[in-house]
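Worksheet: the structure to be examined is printed underneath.
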Amino acid sequence: MSDIVNIIINGKEVEAIEGSVLIDYLFKENIDIPHFCYHPALGTDGNCRMCMVEIEGSKRPQISCDTPVKAGMVVRTQGENIEKVRRDILELELINHPVDCPTCDQAGECKLQDYYMEGGFYESRLEAENKNHAKKAVDLGKNVMLDQERCVLCTRCSRFTDEITHTNELGIFSRSDHSVISTFPGKELESDYSMNVVDLCPVGALTSKDFRFNQRVWFLETFEAICSGCSKGCNIYVDHKKEKYKDDQIFRFRPRENLDVNGYFICDDGRLSYKDENDKRISDAFISQEIVSTKEAVTNIANLLHTHSSDILLLVSPFLSNEELAMFKDYAKNNGAALSGYSPQYNDKTFADDMLRTSDRSPNRAGMKALGISEGKKQFEELLSQKKIVVIVENNYFEDKQDLLERKEVILLSSNDTTLVESANIVLPIASFLEKDGSYTNIDEVTQHIKSTMRKNAPAGTLISLWQEIESLSQEEA
Ligand code: SF4
Ligand code: SF4
Ligand code: FES
């Protein structure tokens, strides 16, 4: 068993595990220790020398990412001497760097820019024409671009392809100050997790083809969410922005650390799935393919529920939150409606891998199961043959099976534009996955919450608020 010992960091006594890496305790103490090459998912490499600290009793400063904790250790990250050491190392890092922050996509979230501004290196001691130049826009594969001049050779990206994906696409080529990161001859960066190198890169050397030059990061707002691309429920940041005269738009998903779910990474498919949230939206309500107000659609659905509740099949889906599913379960129980969560269309065995991706491409099947909502085929088919009214809620099962709905009254509650919009009797648009609050239970039975800050009432309202309105109107009718 590891021993807990006391160490002193900048005069404060801190408990730490003997033998563990000192830099982790600097992070825990919210000390902004400069670092490029260390990353908790990749461990120590010790190549950038930026994380120097003073340790009492050591003749020279030590790199904190490769210093094991020892009982009684006294560590200083501040002071004239150690700050000068770090400043000199930073100046070396900057010797051949173009410092082209105004045109760099990483500006605003670049470690080198932060350190450079803190260090006050506004004037280089080296003329620009004397710097080494390297390639500026190298296409590394389907999702990632490289600017070799901006690279600080921290090797996080190549270690990611060696140690995490084991695809070994990246390496360092040439020597000394002509060293550059590149793909090996004949290889492209094309694993299903390739875009994680963009987040790992501490500078603007690796950028996402999808995001680059689309938006300045300081204009974006962020909230914490989970990805709905499969049942893993990877934790993400959603970066979005409302522009004048336009809807709030999502510009990117970024991975959010959660060691119980996804660690530090997400897959590229999940990362790029934000586009479905922006596109393919329904914004209008329809009755018999004519645009109507939300109020009119809500009232018509309430009338149907009032007169025919026992003739209704409610088809819900594992894209709904636990709270929404519980609401429909209660409704079905109290009003004699039939309820099914049949949704085999979200299963895709080709998507699964041994990292994060699962074959169930929906976020809350475990939640649906825990609530006891049946997904059985036989039960669903029986109910479908018996009931005259089908209320479909965020479930695209009938997308290519519309013939099964012939002679049925179809009510569609959906955030996404589907072909059913053209044939359903009533269509009611609802807020999408990331526009509402709710909890979801992933494949490992971890329940996670989303609290959204975007497009709160778009296009018509959240499913819960709309359904409550429908229910209370239908009771008034009674
Ligand atoms: S490209 Fe980025 S992550 Fe890769 S070595 Fe250079 S600075 Fe590090
Ligand atoms: S593994 Fe699944 S949940 Fe995670 S990012 Fe990919 S699609 Fe999304
Ligand atoms: S972060 Fe410690 S040497 Fe790079």
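None of the figures in this text is laboratory data; all of them are computed from the coordinates on show. Note that this is a predicted model, so its numbers are computed, not measured. Neighbour counts are summed over all protein chains in view; Cβ atoms, including those assigned to glycine, are modelled from backbone coordinates with ideal geometry.
Stretching Asp192 away from Glu118 to a fully extended chain increases their span by 23.0 nm, per 0.36 nm per residue minus the current alpha-carbon distance.
Quick one: which of 209-218, 433-442, 19-28 comes out on top by average Cβ neighbours within 10 Å, and what's the full order, highest first?
Result, highest mean first: 433-442, 19-28, 209-218.
Every Cα-Cα pair in the range 1-118 was counted, and those over 25 Å apart are 26% of them. Among Thr447, Thr103, Thr155, the ranking by other beta carbons within 10 Å of each residue's beta carbon, starting with the fewest, stands as Thr103, Thr447, Thr155.
Between Asn303 and Asn130, the modelled labels are 8.4 nm apart [label points 7 Å from Cα along Cα→Cβ].
Between Asn334 and Lys295, what is 0.36 nm times their sequence separation minus the Cα-Cα distance? Round to one decimal in nm.
11.6 nm
Mean sequence separation of contacting Cα pairs (under 8 Å, at least six apart), scaled by the length of the range 152-234, corresponds to a relative contact order of 20 percent. Secondary structure note: in the chain, about 70% of the DSSP beta bridges are antiparallel.
Quick check on the exposure proxy: order Met195, Met454, Met355 from fewest to most C-beta atoms within 10 angstrom.
Met355, Met454, Met195
Against the chain, whose longest principal axis is taken from its Cα atoms, helix 322-335 shows a tilt of about 10°. Taking only the alpha carbons of the range 147-262, we obtain Rg and Dmax values of 16.4, 52 Å in that order. For Lys333, a cut-off of 17 angstrom between C-alpha atoms picks up these aspartates and glutamates, skipping any fewer than 8 places away in its own chain: Asp311, Glu323, Glu324, Glu375, Glu471. Pairs from the table (Lys135/Lys241; Lys241/Lys329; Lys378/Lys408) lying more than 26 angstrom apart at Cα are Lys135/Lys241; Lys241/Lys329. Put simply, when 29-37, 172-180, 319-327 are sorted by average Cβ atoms within 10 angstrom per residue, most first, you get 319-327, 29-37, 172-180. Counted by Cβ distance under 12 Å from Ser2, the other residues give a net charge of -3, where Lys and Arg count +1 and Asp and Glu count -1.
Percent of Cα-Cα pairs more than 28 Å apart in the chain, please. That tail contains 61 percent of the Cα-Cα pairs.
Put in order of Cβ neighbour count within 10 Å, fewest first, the listed residues His240, His133 become His133, His240. Dipole size of the range 101-208 about its Cα centre, with +1 on Lys/Arg Cβ and -1 on Asp/Glu Cβ: approximately 240 debye, rounded to the nearest 20.
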